[in-house]
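Below is one structure, written out as structure tokens; comments come after it.
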Amino acid sequence: MKFMFRKFDTLGMPILGAAAMVLFVLERKHQLRRRTRPKKDRLVENGSVAAAAVPALRLLLVPGMYAAAQWANKNSFGLMAWLRLPKWAKYGAGFLLLDYSNYLWHVLLHKSDLLWRFHNVHHIDMDLDLSSAWRFHIGENVASVPYRGGMVALLGVPAPLVLFYEVIFEGCTAFHHSNLRLPYAFEKHLCQLMVTPRMHGIHHSIVARETNSNFSVIFSAWDRLHQTLRLNVPQDKITIGVPSYRNPHEQSPAHLFRMPFEKQRPWQLPDGTVPSREELPRQKELLP
Ligand SMILES: [Zn+2]
């Protein structure tokens, strides 16, 4: 199995790092939602979770997906081979379908009780910013290897596309988790094409109906296709997190690590109430 990807590591990763640095500076200057917890504490917590998860991503997930694509390419296996698409179409359709498969994976993370245990670690973050983009339990990243590797093989996408897609995927994940306030008029149009910070903020709301919306990663079209798009929530009304995890002491790296193996709590606030909000009209229109 191949583990070294020269262009990915020497070009893709530095570009991603530079983009993250720009976002880090911008989200400080133009804040979208007000913070509820000290940034320093969250950097330590999210950094600790990422310290385990990112190596799993680079050393297991990326080589796994690449190997799956190489195997499919060599054996003329997968949708792209069966349809006998020309090379450019394999790249174009492959990119879109990889993104669609990740929409489905994200839905699965929320619908499966087992997978939710791991994905919940990402969702109980009580603020949302750039550091949330890598706050995924190592178990979630490991669990994604058979799914994402299997999808790559089933689609039969070209192996280099897997690496290219992953760089864009990570860049978009960083972008839509950031706390960057884009000009509303601009974001209103941008979210027609891709997932934006306001759109993804709604996915991290403590209101269940809102969490169960906006699962897309790069293109917002998948949410539109499956009627899971929800844009009509005012950002200043959103409380980020999961209602049953409102105690900041539970955000310690040790607790975050063992959380998937603990008893799961029902979707309600510590006083037993279930967060709700009056539903506004025009679900597919972004509010400021
Ligand atoms: Zn989610």
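Residue separation times 0.36 nm, minus the C-alpha to C-alpha distance between ILE15 and LEU193: what's the value?
Taking 0.36 nm per residue and subtracting the Cα distance, the gain is 61.9 nm.
Mind sorting ASP113, ASP127, ASP236 by how few other Cβ atoms lie within 10 Å of their own Cβ, fewest first?
Placing the least packed residue first, the sequence is ASP113, ASP236, ASP127.
Give the distance, in whole Å, between the Cα centre of region 55-76 and the Cα centre of region 171-215.
30 Å
Write down the radius of gyration of the chain and its Dmax, each obtained from C-alpha positions, in Å.
Cα only, the chain: 18.9, 59 Å (Rg, Dmax).
Order by neighbour count: SER101, SER132, SER48, fewest other Cβ atoms within 10 Å first, most last.
SER48, SER101, SER132
Note down the nm distance, to one decimal, between modelled labels 7 Å out along Cα→Cβ at LEU108 and at LYS237.
Output for this residue pair reads 3.5 nm.
When a footprinting reagent is the concern and you count Cβ atoms within 10 Å, what order do TRP116, TRP88 take, fewest first?
TRP88, TRP116
Please work out the ratio of the alpha-carbon Rg of region 192-284 to 2.2 N^0.38 Å and round it to two decimals.
Taking N as the residue count of region 192-284, the ratio is 1.20.
Coordinate-derived values only; no laboratory data. For clarity, every value in this text was computed on a predicted model and none was experimentally measured. Neighbour counts are summed over all protein chains in view; Cβ atoms, including those assigned to glycine, are modelled from backbone coordinates with ideal geometry.
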